[in-house]
Structures are given as structure tokens and as C-alpha cells.
Amino acid sequence: MLAVVLVVVGGFLYWVAASLDPDIGISGLQARTVARSAAHHLSSSPEVISAKVSYAYAASGYGPIAQVKARLKDETSVDQAAELLASIHRKADSSQVPLSVTLSWRLNGTDISVNFSCDDSPDSIRATTQRELTLVGKAKSVTRGEPDDSIHADYGTVDAVPASITEPTGLDFYRTFTLHNWNVTYYPAQNDSYSNPPITDLITATRQASPTGTIELSNGTLSITGLVTDERKGLTPEAAAPVIHAVADCQAAKLTTLQLNGKLQKGLSTDNDYWLTFTCNNGTWTPNDDGSTGQDEAAILNKAAEL
């Protein structure tokens, strides 16, 4: 009788504990089982050098989750990687537990470290993997830390704008490169197209004001920091006018907005609380607002018209 009571009490206490911390219950066990199965399956593949569980747990309000990472043999093809991920879905039964796998290797001159979701059907996993690795062989590195993050394709330091910089790949991408010490970032528009201003001419213009800075293109907006080199003077028409002139045909460049940062950039931090903003209106730039800021923008436009 005492043994029965102890079993009942023990079971009740376990149920209470598992309710408070799902990781010690069935959900946590499922997460660890799926993760170990995925790691074991990867380890048995001839394309895999090593594989191990990154984490596997269950949390209150989130349920079970698992992540595995593996190092592939260099020059493993995209098709082989896609097939490997598709096979994990079948072997590890990831339909029960959200599972992602980080694959790292080098292929065609590109360093790859991308976290892939294995929750979809094998066919969808294959298609998604091939799309997400489109820029392999073109970019210097392709990386993503979590399956919900954007994929970062970095071209490194280049001598010219990469030919594939505006190649459609999906909304979950962004691309970077450094040209003449200016760091350039491209984000896609909602239709997966990219603005295409004359970056080389633009950097030639920005370098007249500063040897280094940042250029960002996102959904039709061109944002530039680094043009201010003297905090007391701020953004002068002389520094900004060549930039306006370089992208004068805003319609052809697929730009809707131009933002020039009016603060001196100190160290590695970026002070983005003051922008001079221009709007593309019938193919030409106009001040975005009235008042003193609009007057500053008008002065820059007038100076650009002299060039």
C-alpha cells in the first residue's frame, strides 16, 4: 500500500514539475530524441565530417525545439546538401519538433554557414535550400544564424560592383561588399527587386567628402552616412551636392527616397538621429519637408544643380 502511495505522490510531483518546466517532461524528451536522431543520421553520411547537437529543449510557452550543426566536406555540392537536409526530415521525424540544422563548408570559393529549417516536406526543403544557396560561387561568404533570420551574402572587399548584386533570390536575403573603403549594403524591395543606382559613381562622389562611410539600399531608399567630417560644420552643400548629382536620375535608379546623415560618425557607432531627406518626384529630387530642414535640403539641391 505504501509503495502505491509513493508511486502516486511521485507521479503527481513529476506532473507538477513538468508543468512548470516542460524540459523535464515529454516535450523535452522529444526535442532531445529528434536532435540526437538528426545528429546520428548526419554523422553516417559520407559528405559529413562531424555533427553534434547544438541544443534541444522545451520551454514554457514555446514547446520543444532542437538545433544540430554539421561540418560538410569542402566542395560538397548544393544538390548534395539539399538532399541531406531532406533526408533528415524523414529520419529524425521533425514534424513533431521544430528542427533546424546549420551546415558549414566551403564550395566554389564561398564560405558557407547557414542554418536551415527541416520542418517542411522533403521536396520543399530541397527547393528552399537550392534557392537559399543561389549566391554560392559568387559571394565570398553566405551565412545565417537562425532559420528565421535573413541570409547574409558578403562579397568582401571588391574592385568593382559585383555582377550578381541585384540578382533576385528572395526577400530573406541581404548583400554587402566594400568598395574603395565604403561599406555597401543591399536589401530587396517587397517584389524582390533591387534599386540599382550607379554605385561606382556614387562612391566617387562620397569619397570627395570622406575616405570611408556606409551606403545602404533598402526598398527604394538610399541612406548614406560618413559625409560629415567636421561636427561644427555638419553636412555642407559642398559635401552633399556630388552625391545628389551622382544619382540625379532617381527614377532610373529605382529610388524613392534619399537620406543623408547630418551627424559626424564617431568610431564604430552610428548616430542616426538626424537625416536630411529627399524624395524622388517625377524623376528629380525634392526636399522631403518644409521648415529649416527643407531649406538645408534646398541649399544642397541648388549646389548640385551647379555641377
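Contact map, the range 70-91: residues that are under 22 Å from residue 55 (Cβ atoms) paired with residues that are of a type in the set (Asp, Glu), Cβ distance under 8 Å, separation 6+ or inter-chain. Pairs shown: 72/47; 81/47; 84/47; 89/119; 89/120. Here the range 177-199 is the region considered, the condition is being in a loop (DSSP other than H, G, I, E, B) and in contact with a helix residue (DSSP H, G or I) (Cβ under 7 Å, 6 or more places away or on another chain), and the residue that is modelled with the lowest pLDDT is 198. Taken as a whole, the condition of being in a loop (DSSP other than H, G, I, E, B), in contact with an Asp or Glu (Cβ under 9 Å, 6 or more places away or on another chain) and either of a type in the set (Asp, Glu) or on the phi < 0 side of the Ramachandran plot (or both) applies to residue 169. For the range 138-162, which positions are more than 19 Å from residue 101 (Cα to Cα), in contact (Cβ under 8 Å) with a residue 24 or more places away in the chain, in contact with a strand residue (DSSP E or B) (Cβ under 6 Å, 6 or more places away or on another chain) and surrounded by fewer than 19 Cβ atoms within 10 Å (Cβ to Cβ)? Hit for the range 138-162 is 140, nothing else.
Taking the conditions exactly as written (touching a residue at least 40 places away in the same chain (Cβ under 8 Å), in the same structural domain as residue 57 (by TED's automatic domain parsing) and within 20 Å of residue 77 (Cα to Cα)), does residue 114 satisfy them or not? Criteria not met by residue 114.
Scanning the range 270-307 for residues that are part of a loop (DSSP other than H, G, I, E, B) and modelled with pLDDT under 70 returns 270, 271, 272, 273, 289, 290. Counting the residues of the range 218-240 that are in contact with a strand residue (DSSP E or B) (Cβ under 7 Å, 6 or more places away or on another chain) and basic (Lys, Arg) gives 0.
Scan the range 208-242 residue by residue and report those that are farther than 30 Å from residue 168 by Cβ, of a type outside the set (S, T, N, Q) and either free of Cβ contacts under 8 Å to residues at least 40 places away in the same chain or not assigned by TED's automatic domain parsing to the domain that holds residue 301 (or both). Answer for the range 208-242, where residues must be farther than 30 Å from residue 168 by Cβ, of a type outside the set (S, T, N, Q) and either free of Cβ contacts under 8 Å to residues at least 40 places away in the same chain or not assigned by TED's automatic domain parsing to the domain that holds residue 301 (or both): 209, 211, 227, 228, 230, 231, 232, 233, 234, 239.
The residues of the range 189-207 that are more than 19 Å from residue 245 (Cβ to Cβ), in contact (Cβ under 8 Å) with a residue 12 or more places away in the chain and not aromatic (Phe, Trp, Tyr), listed by number, are 189, 190, 192, 193.
Residues in the range 38-57 that are surrounded by fewer than 18 Cβ atoms within 10 Å (Cβ to Cβ) and touching a residue at least 40 places away in the same chain (Cβ under 8 Å): 54 only.
The values are calculated or read from the model by the stated rules, or taken from the named source; none is laboratory data. Owing to the predicted nature of the structure, the values given are computational and were not obtained by experimental measurement. Methodologically, a virtual Cβ is constructed for each residue, glycine included, from the backbone with ideal geometry; neighbour enumeration extends over all protein chains shown.
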